[in-house]
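One structure below.
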Amino acid sequence: GAGVSQSPRYKVAKRGQDVALRCDPISGHVSLFWYQQALGQGPEFLTYFQNEAQLDKSGLPSDRFFAERPEGSVSTLKIQRTQQEDSAVYLCASSLVVRTASGANVLTFGAGSRLTVL
Amino acid sequence: GQQLNQSPQSMFIQEGEDVSMNCTSSSIFNTWLWYKQEPGEGPVLLIALYKAGELTSNGRLTAQFGITRKDSFLNISASIPSDVGIYFCAGNYGQNFVFGPGTRLSVLP
C-alpha cells in the first residue's frame with residue numbers, strides 16, 4: 001500500500017482482556033518495528049522484524065506481549081491479560097532495508113493504535 | 001541503554017520567528033533522524049542525516065549532524081501556524097532507532 005496502515009485506530013479494553021493490534025507495512029518493506037508511546041513521551045522500542053524473523057524483542061515489557069509476522073508482511077502485536085499500564089499508542093513502522101551504503105534507512109510510521117485499558 | 005535528551009521541552013513562539021532545538025546523547029550514533037508528530041497521527045520524517053558534520057535543508061527546515069556524532073540540531077525559519085507539533089529526534093544504533101522525549105512547539109499568531 002501507499003503507507004503503513006494500522007488497525008484498529010482506537011481500542012478500549014477491560015483489564016484482563018486480550019487485544020490484538022494489526023500493522024500492514026508498505027509493500028516490499030523488509031523491516032518492521034513496533035514502538036509504544038505513552039502520553040507525552042517519545043516512542044519506545046518494543047520489537048523488530050526482518051522479513052518473518054523477529055530479530056530483537058528486547059523492548060517487550062513482559063511476557064504478556066507477543067508479536068508475529070508469519071509471512072513477512074502483515075504483523076500483529078498481541079497483549080494478553082491487559083493492565084492499565086498498557087494504555088498507550090502503539091506505533092508500527094516499516095523500512096525498506098535496515099542499512100544502505102549511506103547509513104541506516106529511515107522509518108515510515110503508521111498513525112498508531114491507541115489502547116485504553118479500563 | 002541508549003538515551004537521547006531534547007531541549008527545550010517546549011517552546012512558545014510568535015509566527016514568523018525562527019526556532020532552534022537540539023538533541024544530545026552520551027552515545028555515538030551513525031544516523032540522526034528528525035520527525036514531527038501532530039495529534040492523533042504517527043511521526044512523519046522531516047530530515048535524515050547520515051554523516052558527521054552534514055548540514056541538510058528541507059524547505060524552511062535545516063538540520064545538522066554534530067561533529068562528535070553525539071548531537072544534532074534542527075532549525076525552523078520563519079515559523080507558521082502549521083509548524084505546531086512535537087518534534088522528535090531519533091538516533092540509529094545497530095539495527096534499531098532510539099527516540100528522544102520530544103520538543104513541543106506552539107506558534108502564536
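Brief remarks follow.
- Within segment B:39-94, the set of residues being open to solvent by 50 Å² or more (accessible area, probe 1.4 Å), within 11 Å of another protein chain (Cβ to nearest Cβ), touching a Phe, Trp or Tyr at 6+ places or on another chain (Cβ under 8 Å) and under 23 Å from A:P43 (Cα atoms) comprises B:V44, B:L45, B:Y50, B:Y93.
- Qualifying residues in segment A:1-41 (those that are of a type in the set (A, V, I, L, M, F, W, C), under 13 Å from A:L115 (Cα atoms) and under 14 Å from the mean Cα position of the chain (by Cα)) - the one nearest to the other protein chains (Cβ to nearest Cβ): A:A38
- Each residue in segment B:7-21 was checked for being more than 13 Å from chain A (Cβ to nearest Cβ) and either closer than 19 Å to A:E44 by Cα or open to solvent by less than 20 Å² (accessible area, probe 1.4 Å) (or both), and 4 pass.
- Residue check, B:T31 touching an Asp or Glu at 6+ places or on another chain (Cβ under 6 Å) and either more than 15 Å from B:P101 (Cβ to Cβ) or more than 10 Å from chain A (Cβ to nearest Cβ) (or both): no
- Subset of segment A:45-72 (residues that are of a type outside the set (A, V, I, L, M), within 13 Å of chain B (Cβ to nearest Cβ) and in contact with a Leu (Cβ under 7 Å, 6 or more places away or on another chain)): A:T47, A:Y48, A:F49, A:G59
- The residues of segment A:38-85 that are surrounded by 17 or more Cβ atoms within 10 Å (Cβ to Cβ), in a loop (DSSP other than H, G, I, E, B) and not basic (K, R), listed by number, are A:G42, A:P43, A:G59, A:L60, A:S73, A:T82.
- Only residues that are touching a Gly at 6+ places or on another chain (Cβ under 7 Å) and either more than 27 Å from B:C89 (Cβ to Cβ) or in a strand (DSSP E or B) (or both) were counted across segment A:13-36, and they come to 3.
- The single condition among (1) open to solvent by 50 Å² or more (accessible area, probe 1.4 Å); (2) at positive phi that A:R22 does not satisfy is (2).
- Selection count, segment B:30-46, where residues are more than 14 Å from A:L91 (Cα to Cα) and of a type in the set (S, T, N, Q): 2
- Residues within segment B:22-38 that are surrounded by fewer than 17 Cβ atoms within 10 Å (Cβ to Cβ) and at pLDDT 95 or above, tallied: 1
The values are calculated or read from the model by the stated rules, or taken from the named source; none is laboratory data. Quick caveat, the model's predicted, so the values are computed rather than measured. We place every Cβ from the backbone using ideal geometry, glycine too, and count neighbours over all the protein chains shown. The protein model used for the area step is the full one, side chains on, heavy atoms only, and it has no ligands, DNA or RNA in it. Shrake-Rupley method; radii C 1.70, N 1.55, O 1.52, S 1.80 Å.
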